[in-house]
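The values are calculated or read from the model by the stated rules, or taken from the named source; none is laboratory data. From a predicted model like this one, the values you see are computed outputs, not experimental measurements. Every residue, glycine as well, gets a Cβ built from its backbone with ideal geometry; the counts of neighbours run over all protein chains shown. For the accessible areas, the whole protein counts, side chains as well, though only heavy atoms, and no ligand, DNA or RNA atoms are used. Shrake-Rupley method; radii C 1.70, N 1.55, O 1.52, S 1.80 Å.
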Amino acid sequence: MVLKAIKARIYPNQTQKEQLLVNFGCVRFVWNQMLNMQIERHKNNKDAKYQNHFAMNNMLKAMKLEYPWLKQAESTSLQVANRDLDDAFKRFFNKKLKNGFPRFKRKKCAQSYTSKAVKNNIQVLDNHHIKLPKLGVVKYRTGRKITGKIKAVTLRINSQGQYYLSVLTESENQTFKKTGKVIGLDLGLSDLIITSDGIKHDTIRFDKDMQAKLRLHERKLARRLHKAKVEIAFDKHEKVLFPRTKLTQFPRYQAERKTVAKLKNKVANQRLDYLHKITTKLVKDYDVIVVEKLNTNGMLKNHHLSRSIANAAWSKLVSLLDYKCKWYGKQLIIVDPKNTSRICSNCGKKNHDFDKLTQQEWLNTREWNCPNCQTHHDRDVNAAKNILARGLKTLA
Ligand SMILES: [Zn+2]
């Protein structure tokens, strides 16, 4: 059995939107109240036992009596809030994880809530309609089919005011047909992937198409933010009757903020979509996929934009391959990348001519001939072949 999360955009009507906002607020309220209660208990009595999520769920009943409006919220979502808070505390107590103390949630934070599936309260009616607790039938749109047993559903609103849901389902492991083929992948900068079969997939810089537009809007946003701040200061200084104090009172600034978020979101979506397409095809076409182990320490240090984009793409790529291989019954092998670019994939000898090269000269070497067996190599394809050979060795 595998768990899958399927994300979909939803289009709630006005009443449903209001219900969603109420629910976000209730969940935030419960989280903050419970967090405050834990802090106060500890302050009053250092020996007081920490209250886990079962204990917090028991307190919910009393809380609902005190604050009857909490009943407007979908009830399992409040329990999930307690569980999330309990998890946050557990991560904090676990000294190995070095997680910080749980924080209070502000209205500005990302807003979401999760409902657990109980007795058919969540039902997929057709490809465009889903029945959700407290909300009723909501229109949704997604590129994927929601299949399997529904375990939970998370609803959220993003910075542009769009609503999304993510359905967690459990289903039988669906496998892709075995093809008997294996492949090694070298991950690069200008070409994102170079396969041992010699196929190259470009690193498409989706951000570049958008760059000019984004820069224009970011400047506009900065200008409007500045103006808004000046006006807030003015109102305060001149003691006007109804002074503006919050940025939410400046609709032109808010509109621009949404535009910038939208553009950034679009780039991120295009990038992810591209990676999904490549990885699904690879997992469909090959039974065994071998990749190099990524050097995560070196990644953090790099400040070049193209580098950092490539690094992010590589990590995402490997994580997508990892779970897709598990879902579809294929195998992902991760190998040590040491010397894979310097060894001849034909005769297996290391080319020592490279030792004399400077860093720049070495990076510029795109093709070479093996001094031992005279085979002509494309640098990246040769590396991919070595990566594949290393992976197959671990299988034998
Ligand atoms: Zn050779």
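Using the 1.4 Å probe convention, the accessible area of the chain works out to 61 Å² per residue with neighbouring protein chains retained. The trypsin sites (Lys or Arg not before Pro) of the range 195-280 that meet both conditions, a loop assignment by DSSP and at most 12 other Cβ atoms within 10 Å of the site Cβ, are Lys239, Lys246.
Here r is the Cβ-Cβ distance between Asn346 and Ala396 and R0 is 22 Å; the resulting FRET efficiency, rounded to 0.05, is 0.70.
Across the chain, Cα pairs under 8 Å and at least six residues apart give a relative contact order of 16 percent. What a 1.4 Å probe finds exposed on the range 178-287 is 57% carbon and sulfur by accessible area, rounded to a whole percent. Restricting the chymotrypsin sites (Phe, Trp or Tyr not before Pro) of the range 93-172 to loop positions (DSSP other than H, G, I, E, B) with no more than 13 neighbouring Cβ atoms within 10 Å leaves Phe104. Expressed as a whole percent, the accessible surface of the range 319-393 that belongs to carbon and sulfur atoms is 48, based on a 1.4 Å probe.
Per-peptide packing, taken as the mean over residues of other Cβ atoms within 10 Å, places 289-295, 309-315, 3-9 in the sequence 289-295, 309-315, 3-9 from highest down. Close amide H contacts of Gln160 (hydrogens built in the peptide plane, cut-off under 5 Å, sequence separation of 5 or more or a different chain): none are found. For the range 179-280, averaging the sequence separation of C-alpha pairs within contact (under 8 Å, six or more residues apart) and dividing by the residue count gives a relative contact order of 21 percent. Working note: Karplus 6.51/-1.76/1.60 with θ = phi - 60° gives the range 132-149 the couplings 10, x, 6, 9, x, 7, 10, 6, 9, 9, 8, x, 10, 8, 8, 10, x, 7 Hz, where Gly and Pro are set to x.
Which lysines have a Cα lying under 24 Å from the Cα of Lys246, excluding residues fewer than 8 positions away in the same chain? Cross-link targets: Lys17, Lys105, Lys107, Lys108, Lys220, Lys227, Lys229, Lys236, Lys258, Lys262.
In order along the range 106-121, the Karplus-derived 3J(HN,Hα) couplings, from 6.51 cos²θ - 1.76 cosθ + 1.60 at θ = phi - 60°, round to 9, 4, 5, 4, 4, 10, 7, 8, 10, 10, 7, 7, 9, 6, 6, 6 Hz, and Gly and Pro are given as x.
Put the Cα centre of the range 215-270 next to the Cα centre of the range 149-180 and the gap is 35 Å. Mean projected area of the convex hull spanned by the Cα atoms of the chain, taken over all viewing directions: 28.0 nm². Kindly provide the trypsin sites (Lys or Arg not before Pro) of the range 350-396 that DSSP labels as loop, not H, G, I, E or B, and whose Cβ sees at most 13 other Cβ atoms within 10 Å. Passing sites in the range 350-396 are Arg366. Each semi-axis of the equivalent ellipsoid for the range 2-171 is √(5λ) with λ an eigenvalue of the Cα gyration tensor; in descending order they amount to 31, 18, 15 Å.
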